[in-house]
1. Just give me the residues in the stretch 623-673 being hydrophobic (A, V, I, L, M, F, W, C) and in contact with an Asp or Glu (Cβ under 7 Å, 6 or more places away or on another chain), in sequence order.
2. Return a yes/no flag: does the stretch 405-412 have any residue that is more than 25 Å from the chain's Cα centre (by Cα), part of a loop (DSSP other than H, G, I, E, B) and surrounded by fewer than 23 Cβ atoms within 10 Å (Cβ to Cβ).
3. So which of GLY381, GLY361, GLY376, GLY386 ends up being on the phi > 0 side of the Ramachandran plot and not basic (Lys, Arg)?
4. Determine which single condition VAL267 fails, assuming it passes every other condition in (1) among the hydrophobic types (A, V, I, L, M, F, W, C); (2) at pLDDT below 75; (3) touching a Cys at 6+ places or on another chain (Cβ under 9 Å).
5. Determine, yes or no, whether ILE463 is surrounded by fewer than 20 Cβ atoms within 10 Å (Cβ to Cβ), of a type in the set (Val, Ile, Thr) and either modelled with pLDDT of 95 or more or assigned to a loop (DSSP other than H, G, I, E, B) (or both).
6. Taking the stretch 327-362, which residues are basic (Lys, Arg) and closer than 22 Å to MET405 by Cα?
7. Got a sec? Which strands (runs of 3 or more DSSP E) wholly within the stretch 268-357 have at least 3 residues that are farther than 30 Å from GLY391 by Cβ and in contact (Cβ under 8 Å) with a residue 60 or more places away in the chain?
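The values are calculated or read from the model by the stated rules, or taken from the named source; none is laboratory data. In this text, all values refer to a predicted model and were calculated from it rather than measured experimentally. Cβ sites come from the backbone with ideal geometry, for glycine too, and all protein chains shown count toward neighbours.
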Amino acid sequence: MLRKLYLLGMIGLHTAALAQAPAVENDFYKIVTLPVPEGIELEVGGLTALPTGNLAAATRRGEVWLIANPNMAGNTPPRFSRFAHGLHEALGLAYVDGALYSAQRGELTRLKDNNGDGRADAYEAVYSIPLSGHYHEYSFGPKVAPDGSMFVTGNVAFGDQEWWRGESRVPWRGWTLHIWPDGRMEPWATGMRSPCGIGMVGGEFFYADNQGDWMGSGGVVQVSKGDFTGHPAGLRWADRPESPVQVRLNDIYYRASPRFSAPGKAVKPENIPDEKPLPLFAIAQEVPGVKTPAVWLPHSILGISTSEIIVDTTKGSFGPFAGQLFVGDQGQSKIDRVFLEKVKGVWQGAAFPFREGFQSGVLRMCWGNDGSMFVGQTNRGWGSTGKEPWGLQRLVWTGKMPFEMQQVHAMPDGFDITFTQPVDKASAGNPDNYQITGFIYKYHPVYGSPVVNERTHLVQAAIVSADGLSVRLVADSLRENYIHEIKIEGLRSYRDGLPLLHNNAYYTLNRIPDGDKLDVPRRKAPMNMHQGHHMTNMATDTPDQPKSKTPKPAASALGKRTTRKPTDWTTVDQTVTIGTQPGLKYNRTFVSLKAGSRVKWTFSNNDDMPHNLVIVKPGTADAVGAAAANLGLKGQEMNYVPKSADILFHTRLTPPGASDAIYFIAPPPGDYTFVCTLPGHSQVMRGLLRITK
């Protein structure tokens, strides 16, 4: 009888656990906003902890602030004092031997307080970084190596030349520079486009680039001396005697387009065809010195503007991820997590979502002396999902253990997943609860890339460890050098019966390890399972896009995206032309049309990144933007236009320098919104469409 009552009680507890609300990020990691005194515009470009436990923050406005009591001990606010000013857009900060070092646009600067009054009285130029004067020539850093030397990275310019959209107009733009405190400099590597994310991992230099021309998606790259990481602009200086880089422009262009070039003949990027360009790893297999990412960060899924890289050195004070990487994202105002491992001497690993919801764009992070994380933020001119123009916040672990994938290890025949809590063995042992999709990106001069060569890999078996803390997945036909999305649905924790806090991981399988494969019964793939290659193109039309050979539509057949004037329109009543301007903005933010009028709306994108224009029902722009951000691997293929009744009309995802025209009948009177639904853009890139009677 007692045993029966016990079992009934356990069933009741388990049922209650299943009925409780799912956990959210805030249950485990709290965001605390530091109060900033009025009059301080803390657009954080650099952030570092000092030996005293205080912080130093460099700003994009050229100031450096010292912040005492950043943990707000005793419930007292932090105290701010200005240490330095007059710098030119400082985008990094490090503390070395009693001095602060910051990368301005054109200089690595040492700041010293010689008289001890808390203010810099010595501004010393360590190394002058060449500039052409282009607005996009940001410099990032420094990051300090174990021997006290430093790494600084430089953005390329954008604009006029026809060879590529990103330009290295002066030496060492698009490069990593290795600089010593005495001013010595050696060029270290090139191929960088917008290398805002930099970090030291176990004494090695890593950087994270952003999607753009030649960059299919963001990713974290380990950079050794002489490496080329993908963007060809910096190769302009590879012939210099001090350059360690052996890759040359023809090595890249010839292999990117063998049909359109010959050895020894330079080919311009606009002549490289976009039908089936090679992925970057295929170039790396032929050209020594080409370095691919250790871990890709799929665009729009894990972020759009990769920033700081820091290693969890808190030894458990920040939760169960000691030794792993945290990578910020400025555009989506969030932080990702990365687990790294070496297989056959090559870095690879898995990237996971971690924490979103910061008040502005996450640019810099550092550790406090109590194991909490400080997060410096800004969005001026760059845009972010966090609506505030800047912020300084603190991320604190509550001590509660989240139910997460802690690590993912590559195996000879699949993956081994370790969890932070024991799993329910029944749900964890069901292979139908796991989906693995492999994919990669194009290497081409176009801005970004859709997902290409997509393949679903059948999970043959899911074998749970005795302690319930890991699951070995056996999967078919995994491919080296591809990203593998691991999505888990239906898995529950043993203790509470809760789902995973984040159920997706993205493992970059640069090398498949050697070893024995498990002998498991083979399963038959479902009839609807896609096993073949799948190529997409950035310009792929959405389903309601008329093809070029399709007869012109009648007005009654107008869809959400009609690109040809209907046959029964004798005239167009109203025409609208809208372009873009820097800072995630349309060049017009107000348009007035008459209800029922026949409209031709042309969107011209003269920005350096792709945008779309989506007209939505009143009050729905936030929901449509959120739905676009959740499209995952299909986002770019769908032009980041989700299937929604709230969307009235839309253009395609329009590349830089291109335009798109749509035709529609103006809707009933009211105030509508037009918005760019590229993830990270929808909060700031908007306009008002007023329909009058």
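1. Within the stretch 623-673, ALA623, VAL624, LEU633 qualify.
2. yes
3. GLY381
4. (3)
5. Here the answer is yes, as ILE463 does meet what is asked.
6. LYS334, ARG337, LYS342, ARG355, listed by residue number.
7. By residue number, 346-356.
Rundown of residues vs (1) of a type in the set (Lys, Arg); (2) modelled with pLDDT under 95; (3) over 20 Å from the mean Cα position of the chain (by Cα); (4) more than 26 Å from ILE252 (Cα to Cα), yes/no style:
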{"residue": "ILE129", "(1), (2), (3), (4)": "no, no, yes, yes"}
{"residue": "TYR138", "(1), (2), (3), (4)": "no, no, no, no"}
{"residue": "ALA145", "(1), (2), (3), (4)": "no, no, yes, yes"}
{"residue": "GLY154", "(1), (2), (3), (4)": "no, no, no, no"}
{"residue": "TRP164", "(1), (2), (3), (4)": "no, yes, yes, no"}
{"residue": "ALA189", "(1), (2), (3), (4)": "no, no, yes, no"}
{"residue": "PRO195", "(1), (2), (3), (4)": "no, no, no, no"}
